[in-house]
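As structure tokens, the structure follows; a few thoughts come after it.
The values are calculated or read from the model by the stated rules, or taken from the named source; none is laboratory data. None of the values given here were measured: they were computed from a predicted structure. Here the Cβ is made from the backbone with ideal geometry for all residues, glycine too, and neighbour counts use every protein chain on show. SASA here: full protein model, heavy atoms, side chains in, ligands and nucleic acids out. Shrake-Rupley method; radii C 1.70, N 1.55, O 1.52, S 1.80 Å.
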Amino acid sequence: MTTNDETNIPTDKLANPNALSDRYNPTDVEERTYQWWEKSGYFKAQDKSTKPPFSIILPPPNVTGFLHLGHALDHTIQDLLIRWKRMSGFNAMWLPGTDHAGIATQTVVEKELKKQDITRHQLGREKFVEKVWDWKHQYGDRIYKQMRGLGDSCDWDRATFTLDDGVSKAVRKTFVSLYKKNTIYKGQKLVNWSGPLESAISDLEVEHQQTKSFMYHINYPVDGTDQLLTIATTRPETLLGDTAVCVHPDDVRYQNLIGKTVTVPLINRKIKIIADTYVDQAFGSGVVKITPAHDFNDYKIGKTHKLEFINILTKKCELNENAGTYQGLKIPEARKRILEDLKKLGLFVKEEPHMNSIGYCSRTNAVVEPMLSDQWFMKMDQLAIPAKRVVESGTIRFEPESWSKVYLHWMNIIEDWCISRQLWWGHRIPAWYCADCEKHTVAEIDPTACEHCGSSKISQEDDVLDTWFSSALWPFSTMGWPNESEHSIETQKTFYPTSYLVTGHDIIFFWVARMVLLSLEFKKDVPFRTVYIHGLVRDSKGIKMSKSLGNSIDPFDMINKYGADALRFSFLAHLFSGKDFKFSEQRLEGYRNFMNKVWNGSRFALSNLQDFKAPPEGTKALPEKVHTSVFDQWIIAKLYDVEKQVNNALEKEKFSDAATMLYQFIWNQFCDWYIEFTKPILTGSDANEKKATQLVMAQMLNRIVRLLHPFCPFITEEIYSKLPIKNEACIIDQYPTIENDKSFLALGNKQAEHEIDVVKEVITAIRNIRGENRISPAIKLSVRLGIDQDNVQKILSGNKTALMTLGRLEKCDIGLDGDLMKCAVSTIVVSGDKVKIIIPLEGLVDFNEEIKRIQKTIEKLEKDVSVLNAKLSNEKFVANADEDVIANDRILMAQSKDQIISMQESLTRFQ
RNA sequence: CGUCCUUUAGCGCAGUUGGUAGCGCAUUCCCAUGACAUGGGAGGGGUCAUAGGUUCGAGUCCUAUAAGGACGACCA
């Protein structure tokens, strides 16, 4: 037999399009299915529609990056919601996009240029930006290709890039508007500065880490005396920028010195001794050197005491001309040299090990320097007021709720946002500086003259905006705002505010909060109703994935190995409200196995439906025409619960509950029992019985793939295409609910549920005796079922075939107990219905095993009885507990005692 | 230092009005039975972090403690 190399499917099976291979092969299905969906336009949403809207804007990934497992998780959740809502009759719109990621992208391109020994400055701004665009065009499609691989059902026609014209217009409009309200201003302030980037960065881009360093004690000579003042510092090199030393006003040690001056060693500058309550008398020597241009606290002191600000650093964070002989040195070298020189002068006192937290640039990992510079800022205090209110009032809901506290806390301590970056890749700030009157013209459309003096000697601001500025406008800039075309207006009317924002907790401040701030300002409405926060993906030990640790996993390796559906399902089945997700390949394998189970269950069902013709009424059921078996009625009753609970769980964002329910229903009910129960019917001779079972089987399959589709779209669409009962496509078929599936679900039956429960318990009891006694499945057993209730007699007689087949029996007598000598006996009780399972063991087994089994059962029952006895003999329990709780316990007690007696009796029969 | 989260079977986690602890994987035993060994069947395994408290009754409510984590503030 020859095989097809790629799929391992025997070629004779490929010849028949309806035959499924015995293993699900994702690579064979995924790409083809995705292309078909896309070509058929199933992902498209309508700007105008009678359907209720449901919209999600994708958090735009870095345009030149790769998708990692975190994205895969993020997208899976969104696609689940979109597909579920689309199938539930919503006008579901998922808008994809990519981000220009200013610093990240610029850095990558600069690195590339460095390989050719070119710097961006050598190229010049225009040429460099061109290069970045080239880069973007080369890699910009990669992200979207990867998203298709995940199965993301986005409306691709709406895909937006943060530097698109429309978005740029939105950026300019918001900038100008905020500038006119004085919410955006330019000013000289102390900002976080990254040397390698030669740019300011925002507070959020600084990562603080505890770092081992030293506390240096240095003497400053007090002028006019021979006294020495000892200051303590972790940063001796900044003494070059000192413009004061400070003590606490109440410090008795230094009272007489306040107002005098000291001389800064090495540069011999005379600076004042000032007093401020900011100083902690108990810390260090109680004397602080003040460097207002290079420390945030010193900056404040410098402002209140009107000190001089001396900048000692260049843009690259090397010492500048104010550092005298130290000019040109990097900070660590300067520190070393200065300490050596202080030692030579005899002014160095001592050094002590000291832990302190140092800010590192989140992009380059360089130490961040506080630096005095001219930057653009957005004032936050006023914007924050409504942004707080919408979360407090519940207009925006965080899931899990605890994140709203984190959000509100940040809003309460919010500082002005430094929005300018000294980069070239991004939205260039729409401000023009006039060389004549030195004022700014800020305008949406490039001006030709200064609006203040009319001079034409104007030049545009070199800086670009922080990437997150355009991201903050994303919920409405992607919908066409501020364009007033009919299309744009309709889009916004239909889809704004969006329904969900799905993202990780790492960007709540960077992005979520800022979208709320600016959406309220410009759209006068919240950007989204619910913020679903998921955890970050970590490795199986809980360690953050990173390339340098070598523990990062490429989602597409996983997809190639296990299929996109398995990856998606493993995310969804283990997603627990906002907790970090510990990724395990072993678990993924488990869900790959589940996909295979779904595949094979369907394969079996379809092979038994070859002579089945779909009814003209489709998925509707006409009860009077169908003579269902008890098995059918039972599985349909179970389906009712599943449809109800899965929709409920999705509604409440309990995705893992929904996934788990489907997993267990399909594997442990449908495959393990329903298929096994119905095998005798499908291979039997009763044509009417068979026809009814085929119909129910076909209807069940149809429901199963529809219910499962949002979780694992590829395999379900593939199976759907082979179903006898179906519509155009699974992706646009209806999501089953107890309302829209009423007529079929009406075939379910509670009594049948009970009957099958009894039958299942009896079969399990037989299997238990067989298993514990290690009786080979090859041996067919003789069983007597002892019964003293007519209705139970009826149930078991009616299901004798099932008992015989699944119990692997050669003989099954239903009726009286009969002779119990050397028999295994097991009693089961299902809501009052009692069955005694009796199996003669003579000649089959070593009785010791059976005695052990019985003793084990007795022990367990006795434990139950003692627990129940303790409760029921407690007067206070009987007096206080609910009646039905007591009644239930009493019944349990009686049953357990009864069973113990029966077990003890059977024990004697082996002696 | 502050805020928040977590602590339940070997591992990963459920457990929403307090009423004899569940799921998946792993593990043990048996199995080639016409959908599936990526499978079937039967088992074993937990004093629910600790200490108090409320209650007839606490994994669940309250208080304190411990450990781990996230975020934020300060650090001369």
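Local charge sum around residue A:500 (other residues, Cβ-Cβ under 14 Å, Lys/Arg +1, Asp/Glu -1)?
+1
How much of the accessible area of the range A:852-911, probe 1.4 Å, is carbon plus sulfur, in whole percent?
On the way: 2100 of 4110 Å².
Carbon and sulfur atoms account for 51 percent of the accessible area of the range A:852-911.
Could you pull out the trypsin sites (Lys or Arg not before Pro) across the range A:766-797 that fall in loop regions by DSSP (anything but H, G, I, E, B) with no more than 15 other Cβ atoms inside 10 Å?
A:774, A:780
Per residue, how large is the accessible surface of the range A:483-556? Use a 1.4 angstrom probe and give square angstrom.
42
Normalising by the residue count of the range A:550-613, find the relative contact order in percent from Cα pairs under 8 Å and 6+ residues apart. Intermediate results must be reported in sequence, preceding the final value.
Details: 25 pairs, mean separation 20.5, N = 64.
It comes to 32 percent, rounded to a whole number.
Report the label-to-label distance for residue A:691 and residue A:22 in nanometres (one decimal), using points 7 Å from each Cα along the Cα→Cβ vector.
The two pseudo-label positions are separated by 3.4 nm.
Relative to the longest principal axis of chain A, what angle (0 to 90°, nearest 10) does the C-alpha long axis of helix A:486-495 take?
Tilt relative to chain A: about 60 degrees.
Report the full-extension gain for the segment residue A:255 to residue A:451: residue separation times 0.36 nm, less the Cα-Cα distance, to one decimal in nm.
Difference between extended and current length: 65.0 nm.
Sum -39500 (n - 2.57) across every DSSP H segment of at least 4 residues in chain A, then divide by the residue count to get the 222 nm mean residue ellipticity, nearest 500.
Roughly -13500 deg cm²/dmol at 222 nm, from the helical runs in chain A.
Using a 1.4 Å probe on the protein heavy atoms, what percent of the accessible area of the range A:421-537 belongs to carbon and sulfur?
47
Looking at chain A, send over the antiparallel percent of its DSSP beta bridges, to the nearest 5.
The answer is about 70 percent antiparallel.
Give me the distance in nm between label points sitting 7 Å out from Cα along the Cα-to-Cβ direction at residue A:393 and residue A:728, one decimal.
4.1
Taking all protein chains in place and a 1.4 Å probe, what share, in percent, of the accessible surface of the range A:238-331 do carbon and sulfur account for? Mind showing how you got there, number by number?
Details: 2240 of 4420 Å².
Here it works out to 51 percent.
How big is the Rg/Rh ratio for the range A:760-864, C-alpha atoms only, Rh by Kirkwood, two decimals? Walk me through the intermediate numbers first.
Numbers: Rg = 13.3 Å, Rh = 14.0 Å.
Value, to two decimals: 0.94.
Run through the range A:813-865 and list the GluC sites (Glu not before Pro) located in a DSSP loop whose Cβ has at most 12 other Cβ atoms within 10 Å.
Here the GluC sites (Glu not before Pro) that fit, given the DSSP loop and packing criteria, are A:842.
Considering only the other residues whose Cβ falls under 12 Å of the Cβ of residue A:158, what net charge follows from Lys and Arg at +1 and Asp and Glu at -1? Mind showing how you got there, number by number?
Values: positive: A:44; negative: A:47, A:155, A:157, A:164.
Spelling it out: positives minus negatives among the neighbours equals -3.
What does the accessible area per residue of the range A:695-734 come to in Å², with a 1.4 Å probe and no ligands, DNA or RNA counted?
In whole numbers, the range A:695-734 has 19 Å² accessible per residue.
Output the peptides A:122-131, A:317-326 sorted from most to least packed, where packing is the average of other Cβ atoms within 10 Å over each peptide's residues.
Numbers: A:122-131: 14.0, A:317-326: 17.0.
With the highest mean Cβ count within 10 Å placed first, the list reads A:317-326, A:122-131.
Considering only the other residues whose Cβ falls under 12 Å of the Cβ of residue A:721, what net charge follows from Lys and Arg at +1 and Asp and Glu at -1?
Computed value for this residue: -1.
So if R0 is 56 Å, what FRET efficiency would residue A:829 and residue A:133 give, r being the distance between their Cβ atoms, rounded to the nearest 0.05? Let's see the in-between values first.
Numbers: r = 75 Å, r/R0 = 1.34.
Rounded to the nearest 0.05, the efficiency is 0.15.
What ranking, highest mean first, results for peptides A:758-766, A:455-463, A:503-511 when packing means the other Cβ atoms within 10 Å averaged over each residue?
Details: A:758-766: 21.7, A:455-463: 15.2, A:503-511: 18.3.
My ranking of the peptides, most packed first, is A:758-766, A:503-511, A:455-463.
Which angle from 0 to 90°, rounded to the nearest 10, does the C-alpha axis of helix A:26-39 make with the longest principal axis of chain A?
Once rounded, one gets 70 degrees.
Send over a whole-number figure in Å² for the accessible area per residue of the range A:272-427, probe 1.4 Å.
51
So, R0 is 22 Å and r is the distance between the beta-carbons of residue A:351 and residue A:226; what FRET efficiency does that work out to, to 0.05? Mind showing how you got there, number by number?
Details: r = 24 Å, r/R0 = 1.10.
Step by step, r from the Cβ atoms, then E = 0.35.
Test of the criteria: in the range A:602-707, which trypsin sites (Lys or Arg not before Pro) are in a DSSP loop and have at most 12 other Cβ atoms within 10 angstrom of their Cβ? Don't skip to the end; give the middle numbers.
Details: sites: A:603, A:613, A:620, A:625, A:638, A:644, A:652, A:654, A:690, A:691, A:703, A:706; in loops: A:613, A:620, A:652, A:654.
Sites meeting the loop and neighbour criteria: A:613, A:620, A:652.
With labels modelled as points extended 7 Å from the Cα through the Cβ direction, what inter-label distance (nm, one decimal) is found for residue A:283 paired with residue A:885?
Placing both labels 7 Å beyond Cα along the Cβ direction yields 5.5 nm.
When DSSP beta bridges are limited to those with both residues in the range A:713-866, what percentage is antiparallel, rounded to the nearest 5?
Values: 11 of 17 bridges.
So the antiparallel bridges amount to about 65 percent of the total.
Can you tell me the 0 to 90 degree angle between the C-alpha axis of helix A:331-345 and the longest principal axis of chain A, rounded to 10?
50
Quick check: residue separation of residue A:119 and residue A:871 times 0.36 nm, minus the Cα distance between them. What number comes out in nm?
Extra length available between residue A:119 and residue A:871 comes to 262.6 nm.
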